[in-house]
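The values are calculated or read from the model by the stated rules, or taken from the named source; none is laboratory data. Since the structure is predicted, the reported quantities are computational estimates derived from the model, not experimental observations. All Cβ positions, glycine included, derive from the backbone under ideal geometry; neighbour counts span all protein chains shown. For accessibility, only protein heavy atoms count, side chains too; no ligands or nucleic acids. Shrake-Rupley method; radii C 1.70, N 1.55, O 1.52, S 1.80 Å.
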Amino acid sequence: VAPTTPVCEVPSSAMTGTVVQLSCKETEGSPPSEYQWYKNGVALLEKTGTGNAKAANITYNMNKKSGTLLFNTVTKNDTGEYFCEASNGIGLSQKCSVKRMQV
């Protein structure tokens, strides 16, 4: 079954230095969907290992299975427009509407 449009939860504002979690979920897709987060239209990288993540200055942790995007300490650089995409290899992938987060 192809995924339905996911529901995205993105806080509209966050305080610098706080923990912020964005979530994305859709329940119709079978097999279960994997989720990809985007910021300002650019796909966010999944953190793998420790070396390259530091080099890429990654301050978040993206879980493609659960759809969460977790910032341990948000910075002004994390301000932007976020959306996520659900896909399970069946039918078209589905995106939620873009939401702006101001830090």
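Taking the Cα-to-Cβ direction at VAL42 and at ILE58 and moving 7 Å from each Cα, how far apart do the two end points lie in nm?
Calculated label separation equals 1.5 nm.
Go ahead and collect, in residue order, the members of the stretch 67-103 whose backbone nitrogen is under 18 Å from a label point 7 Å along the Cα-Cβ direction of SER12.
Backbone N within reach: 79-83, 97-103.
Let me have the 222 nm mean residue ellipticity of the chain computed from DSSP H runs of 4+ only, each contributing -39500 (n - 2.57), with the sum over all residues rounded to the nearest 500.
Mean residue ellipticity at 222 nm (helix-derived): -1000 deg cm²/dmol.
Averaged per residue, what accessible area in Å² does the chain show with a 1.4 Å probe, protein chains only?
The answer is 57 Å² per residue.
Can you tell me the relative contact order of the chain? Whole percent, Cα pairs under 8 Å, sequence separation 6 or more. Could the numbers behind the result be given before it?
On the way: 249 pairs, mean separation 42.1, N = 103.
Relative contact order, the chain: 41 percent.
Rounded to a whole number, what % of the accessible area of the stretch 7-101 do carbon and sulfur atoms account for, probe 1.4 Å?
Percent of accessible area from carbon and sulfur atoms in the stretch 7-101: 53.
Find the all-direction average of the projected area of the Cα convex hull for the stretch 7-101, expressing the result in square nanometres with one decimal place.
Averaged projected hull area, Cα only: 6.1 nm².
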